[in-house]
Amino acid sequence: MTSSLTEICAQVLKRVTPSESERKQVQELAKKLTQEVEKAAKERGVEIEVRVEGSVAKNTWLSDCPEIDVFMQVPTTTPKEAFGTVFLDIAKKATEGYIPIERFAEHPYLEVVVEGVYVNIVPCYKVKQGKWISATDRTPFHTNYIKPLLNGQMSQEVRLLKRFMKGVGVYGAEIKVGGFSGYLCELLVLNYGSFSEVLRFATDWKDRTIIDYQKHYKREADAEKLFEQPLVMVDPVDKRRNVAAAVKKDRYNEFIAASRAFMKAPNMNFFYPQEIEALESTEVINEIKARGSTLVFISFNEAVTVPDVLWGQLYRHQRSLWKLISQHDFTVLGDAVWSNEKGLNIFVFEVENRFLPNMKRHLGPPLKRKKEYENFLQKHLGADSTVSGPRLEDGRWVVDVKRKHTDVVELLKEKRGNGVTEIVSKAFADSLEVMVNDEILKQYSSNQDFAKFLTKYLEGKPRWLVGV
């Protein structure tokens, strides 16, 4: 490593390596939580085995964001429905006095902040390796696999990689992020040997990268046939699972680009990017005007639900709305979605123009296709929708027809079958609001988180790119 890279890594490690007092505090809390879960299960007459998993168990957690994963291993005879009822109740009882948040992977689990520490309490089945019933059954095997392989120095390398990924915005396998999990970071370090080697190899990753650390497959082509994602990390404890399945193509590409930029010019900004400072109201209006495009904001209230479920719905709505707008000939320059996860959601669609001409040119078949052009003439000649034509141009019939929608706002407000209310939940149609450009100012001024989000969208570049 170059001296500047060595120096930067040393500085980062000082900030992310837990002190002895922090380790003691987290370990004591983990022990206390384990006992409380065991106690709550005993009171319900439920048989479980409680284990601490995740980064705390593997000594790869970051001092500035400790997270304790408490797993309840239950007998295989337990109905899966009990995960969302009985075991959620046990988790809530064990953390009584704190505000619980229900999360959802394949099944519900509980997240709660206890004494400033994020805690996940997760049920899983106690199974033999390979006899999985639920997705979380593998986690204890992941811990057992990783712990003997990570010595003190390797744990530090994992911490560096996690902090780097957090800094460049690609860390987190939850649906909202679609990035790299902690377990994936650990396997990448094991495979390549160090933080800097992970980045060095990542600079040369192609459209698809396949890593089989445990050598489950004799040929890479065999794994290539089984998995479709851009990054494949064959799970050492389950050869049919891709640890990197949650990594979206965008996050994959962002990590490659950030790795290249960092290896070329190491900078602390990659680990700790500058905080976003929301533009003043007058500045944001000037920025919008200077673009010359039209920013359309679709705001609606959705019932509070599990965040992973919410973000899955929001991303589906976003894709459907993009398709709706594009199909009506509006050119989408950019789109994004924001949510406070408490009921308020806002889609942003930037289009080249709010308004389109009243008519559009529609090409018909060439003369050589006699039957098709006869049908074309029959349909458009004298029709109410025909503005001009049909006429011959370069050997084919052409007609100018009226557009159904010339205003993107009216398109989105349309309530007769193809507007936004047909895409988002109909139950919340009454809360729907479509705003354009400076009409968002009230929301911008009253919501600091949304203001930062919109500021970042208008910047249009990753924060780590500053000074590179």
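The values are calculated or read from the model by the stated rules, or taken from the named source; none is laboratory data. Just so you know, these numbers come straight off a predicted model, no measurement behind them. Don't worry about glycine lacking a Cβ; one is built from the backbone with ideal geometry, like all the others, and counts go over all protein chains shown.
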| task | Could you give me the residue pairs with C-beta distances under 8 Å whose first residue belongs to the range 84-101 and is aliphatic (A, V, I, L, M), whose second residue is exposed (fewer than 15 other Cβ atoms within 10 Å of the Cβ) wherever it lies, and which are 6+ apart or on separate chains? | result | Val86/Arg44; Ile90/Arg44; Ala94/Lys39; Ile99/Val113
| remark: Restricting attention to the range 172-197, the residues that are out of contact with any Pro (no Cβ under 8 Å at 6 or more places or on another chain), buried (at least 23 other Cβ atoms within 10 Å of the Cβ) and free of Cβ contacts under 8 Å to residues at least 60 places away in the same chain number exactly 2
| Positions within the range 430-465 being surrounded by fewer than 16 Cβ atoms within 10 Å (Cβ to Cβ) and in a strand (DSSP E or B), in sequence order | Glu433
| message | Which of the strands (runs of 3 or more DSSP E) found entirely inside the range 300-399 contain at least 2 residues meeting this: of a type in the set (A, V, I, L, M, F, W, C) and touching a residue at least 40 places away in the same chain (Cβ under 8 Å)? | response | 332-339, 344-351
| task | Kindly list the number of the only condition in (1) in contact (Cβ under 8 Å) with a residue 24 or more places away in the chain; (2) touching a strand residue (DSSP E or B) at 6+ places or on another chain (Cβ under 6 Å); (3) crowded, with 21+ Cβ neighbours inside 10 Å; (4) of a type outside the set (Asp, Glu) that fails for Pro108. | result | (3)
| remark: Listed by range, helices (runs of 4 or more DSSP H) wholly within the range 1-120 having at least 2 residues that are in contact with a helix residue (DSSP H, G or I) (Cβ under 9 Å, 6 or more places away or on another chain), of a type outside the set (Phe, Trp, Tyr) and farther than 28 Å from Tyr145 by Cα are 3-16, 20-43, 86-94
| field | Test: residue in the range 411-424 that is modelled with pLDDT of 90 or more, over 26 Å from the mean Cα position of the chain (by Cα), hydrophobic (A, V, I, L, M, F, W, C) and surrounded by 17 or more Cβ atoms within 10 Å (Cβ to Cβ) | value | yes
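When you check Arg241 against the structure, is it touching a helix residue (DSSP H, G or I) at 6+ places or on another chain (Cβ under 8 Å), charged (D, E, K, R) and either outside any loop (DSSP other than H, G, I, E, B) or surrounded by 17 or more Cβ atoms within 10 Å (Cβ to Cβ) (or both), yes or no?
Numbers: touching a helix residue (DSSP H, G or I) at 6+ places or on another chain (Cβ under 8 Å): yes; charged (D, E, K, R): yes; either outside any loop (DSSP other than H, G, I, E, B) or surrounded by 17 or more Cβ atoms within 10 Å (Cβ to Cβ) (or both): yes.
Spelling it out, Arg241 is indeed touching a helix residue (DSSP H, G or I) at 6+ places or on another chain (Cβ under 8 Å), charged (D, E, K, R) and either outside any loop (DSSP other than H, G, I, E, B) or surrounded by 17 or more Cβ atoms within 10 Å (Cβ to Cβ) (or both).
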| request: Scan (1) hydrophobic (A, V, I, L, M, F, W, C); (2) in contact with an Asp or Glu (Cβ under 6 Å, 6 or more places away or on another chain); (3) touching a residue at least 60 places away in the same chain (Cβ under 8 Å); (4) surrounded by fewer than 22 Cβ atoms within 10 Å (Cβ to Cβ) for the single condition Phe141 breaks and write down its number. | output: (2)
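Taking the conditions exactly as written (out of contact with any Pro (no Cβ under 7 Å at 6 or more places or on another chain), more than 19 Å from Thr78 (Cβ to Cβ) and without any contact (Cβ under 8 Å) to a residue 60 or more places away in the chain), does Thr6 satisfy them or not?
yes
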| task | Just name the residue that is surrounded by the fewest Cβ atoms within 10 Å (Cβ to Cβ) out of those in the range 54-101 that are of a type in the set (S, T, N, Q) and in contact with a Ser or Thr (Cβ under 9 Å, 6 or more places away or on another chain). | result | Ser63
| said: So in the range 8-31, with the set limited to residues that are of a type outside the set (Ser, Thr, Tyr) and more than 32 Å from the chain's Cα centre (by Cα), which one is nearest to Glu111 (Cα to Cα)? | reply: Glu28
| Which residue pairs have Cβ atoms under 6 Å apart, sit 6 or more places apart or on different chains, and have a first residue in the range 279-296 that is under 19 Å from Asn353 (Cβ atoms) and exposed (fewer than 14 other Cβ atoms within 10 Å of the Cβ) and a second that is among the basic types (Lys, Arg) and modelled with pLDDT of 95 or more? | none
| Subset of the range 425-444 [modelled with pLDDT of 65 or more and under 26 Å from the mean Cα position of the chain (by Cα)] | Ser431, Leu432, Glu433, Val434, Met435, Ile440, Gln443, Tyr444
